[in-house]
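First the structure, in the form of structure tokens, and then the observations on it.
The values are calculated or read from the model by the stated rules, or taken from the named source; none is laboratory data. On a predicted model such as this, the values are computed, not experimentally measured, just so you know. FYI the Cβ positions are ideal-geometry reconstructions off the backbone, even for glycines, and counts take in every protein chain you see. Keep in mind that these areas ignore ligands, DNA and RNA; they rest on the heavy atoms of the full protein, side chains included. Shrake-Rupley method; radii C 1.70, N 1.55, O 1.52, S 1.80 Å.
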Amino acid sequence: MTAPRRKSQHSSAFGSDTSNASIELNPLFSRPGEATEFPRFTLPDGAALPSTAYQIVHDEAMLDGNARLNLATFVGTWMEAEAGKLYAETVDKNMIDKDEYPKTADIEHRCWRILADLWNAPDPERSVGTSTIGSSEACMLAGLALKRRWQHARRKDGRSTDRPNIIMSSAVQVCWEKFCNYFEVEARYVPISEDHPVLDGHELEKYVDENTIGVVAIMGVTYTGMYEPVEKISKALDAIQKARGLDIPIHVDGASGAMVAPFLQPKLEWDFRVPRVISINTSGHKYGLVYPGLGWVVWRDETDLPEDLIFHVSYLGGDMPTFALNFSRPGAQVLLQYYLFLRLGREGYRSVHAACRDVARYLAHEIGAMEPFQLWNDGSDIPVFAWRLKPDFAGEWTLQHLSDRLRMAGWLVPAYPMPDGMTDLTVQRVVVRNGFTRDLAESFLQDLRTAVEFLEKAPTPLPEPGEANAFHH
Ligand SMILES: *Cc1c(COP(=O)(O)O)cnc(C)c1O
């Protein structure tokens, strides 16, 4: 793709007759670069003042959506002032420089140990874990460990390692499709249906065989927010092991739910209490409540992470074991996670998430009571819920039209078709995050009602809805 070329009027503005001193005296918006134009697709010839460059970038970013009104994303958009201060103080820390930043490395270690404990590892001292850039990287690492574990076992028995496969719901997040594509593992999708809206062990025996490296269970399905019943899936695998001798492990993708369930559903057994669960990932930047750029993965026991996946790097000083796809990455988010662990504790996380769940349930109840809609779920797993148009809905408009109308009021509420098995069904989803208050929820409901009224009365045929519904968060 070639970028359109724009003529740079800016570089000429730095002619020899314009000294930097006089530019600096110019009022901000009448300076070169502000009153004239920066080239967009080529590097400017000259330098600009920091205040000019700042203002240009700041102003362009101003045209992005308002993050707090984005009801599509799971990713943190609000932290308190002290966190902002800590973030600013630590932006320069590189997570990989464990020798230069031994305390940050220590804190990373403490964080995943805290998670191992939170997820009921039988012996957290025997667990291993790491921070990552997000759940996607964490899932790649967990998937690689499953694959390598299976390879070792197969080689030991003198059997082929040519055709590994992994079992998961058709509603998995795109990172698992990536894992299968990038690391050459066959993806076996169990389609969802009205009767089995999540992976629940039903007919699992038809999917697994001796080449199955593991089953992925999702705590908080991205499409709807529902939990997959990890214990039930595990029981189905127990039956398979009894009948066919296959011992298949479970990885839990808890990108959102692994930081919700320990606080809101502490009795639900989905974690290392289920013996078949050997690894769990979460996004620190989702319900871990940190700004974007942080994930975690923990293995129940160090023997679940094959040693030959770990690199020992020495050229930054010291001997540093790492298992990661990236080398350098920000360390500040790890410190922010630790800040939150100290700041909130169990009780704080519980109350933040309970407040979100109450808002989600309230909104779900109000939306479910509106004539055109039928709830898919009500936000009582993670604070996420989805709805559909009633099967006998007779109006001319779609949820995509509604999404467009809401966007005009500032709200981002995606509508999208369900995955394989139910692609005929379109749902619309709201993710309630820390900072989406009951008061904002009330404003949202008002705008939703206005949008529905508008669409009911709008002359038909309605224009095609826009493409504003890019999904996959
Ligand atoms: C968000 C999400 C991911 C990807 O997480 P990132 O932190 O955005 O990389 C993976 N799985 C599930 C279930 C998710 O919800």
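If you place +1 on the Cβ of every Lys and Arg, -1 on the Cβ of every Asp and Glu, and leave all else neutral, what size is the dipole of the range 203-353 about its Cα centre, to the nearest 20 Debye?
So the dipole magnitude of the range 203-353 works out to roughly 700 debye.
I'd like the projected area of the range 85-342, averaged over all directions, using the convex hull of its alpha carbons. Report it in nm² with one decimal.
Computing the convex hull of the Cα atoms and averaging its projections yields 14.1 nm².
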Using the charge dipole of the range 72-165 (Lys, Arg: +1 at Cβ; Asp, Glu: -1 at Cβ; taken about the Cα centre), state which of G134, P102, T161 has its Cα farthest towards the positive end.
T161
Considering only protein heavy atoms and a probe of 1.4 Å, how much of the accessible area of the chain is carbon and sulfur, as a whole percent?
52 percent
³J(HN,Hα), Karplus 6.51/-1.76/1.60, whole Hz, each residue of the range 109-116, x for Gly, Pro:
4, 4, 4, 6, 5, 4, 5, 4
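Determine the dipole magnitude for the range 45-187: charges of +1 sit on the beta-carbon of Lys and Arg, -1 on that of Asp and Glu, nothing else is charged, the reference point is the Cα centre, and the result goes in debye to the nearest 20. Show your work: numbers first, answer last.
Details: 17 positive and 22 negative charges, 218 e Å.
About 1040 debye.
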Which value in deg cm²/dmol, rounded to the nearest 500, describes the helix-derived mean residue ellipticity at 222 nm for the chain, given -39,500 (n - 2.57) per DSSP H run of n ≥ 4 and division by the residue count?
-11000 deg cm²/dmol
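Pull out a ≥ b ≥ c, the square roots of the eigenvalues of the alpha-carbon gyration tensor of the range 220-360, then state rounded if a/c is under 1.5, prolate if not and a/b is larger than b/c, and oblate in the remaining case.
Oblate is the answer for the range 220-360, as a/c is 1.5 or above yet b/c matches or exceeds a/b.
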Heavy atoms only, 1.4 Å probe, whole protein assembly: order V128, V431 by accessible area, highest first.
V128, V431
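Counting only Cα atoms, I'd like the Rg/Rh figure for the chain, Kirkwood definition for Rh.
Reported Rg/Rh (Cα atoms, Kirkwood Rh): 1.02.
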Checked against the positive end of the charge dipole of the chain (+1 on Cβ of Lys and Arg, -1 on Cβ of Asp and Glu, about the Cα centre), the farthest of H285, L325, G46 is L325
Just name one of I367, L118, G348: the one whose Cα is farthest towards the positive end of the charge dipole of the chain (beta-carbon charges, Lys/Arg +1, Asp/Glu -1).
L118
Cα to Cα, under 14 Å, and not fewer than 8 places away if on the same chain: which aspartates and glutamates meet these conditions relative to K457?
E396
Length-normalised contact order of the range 333-452, Cα under 8 Å, at least 6 apart, in percent, tallies to 24 percent
Have a look at the range 336-473 and give its Rg and Dmax from the Cα atoms, expressed in angstrom.
16.5, 56
Restricting to Cα pairs under 8 Å and 6 or more apart, the percent relative contact order of the chain works out to 18 percent
Quick one: of the DSSP bridges fully inside the chain, what percent are antiparallel, nearest 5?
60 percent
Row for the range 129-192, column shape: gyration tensor on C-alpha, a ≥ b ≥ c, rounded if a/c < 1.5 i.e. under 1.5, prolate if a/b over b/c, else oblate; value oblate
Rounded if a/c under 1.5, otherwise prolate or oblate - the range 419-466, Cα gyration tensor axes:
oblate
Mind checking the dipole of the chain: about its Cα centre, +1 per Lys or Arg Cβ, -1 per Asp or Glu Cβ, Debye to the nearest 20?
420 debye
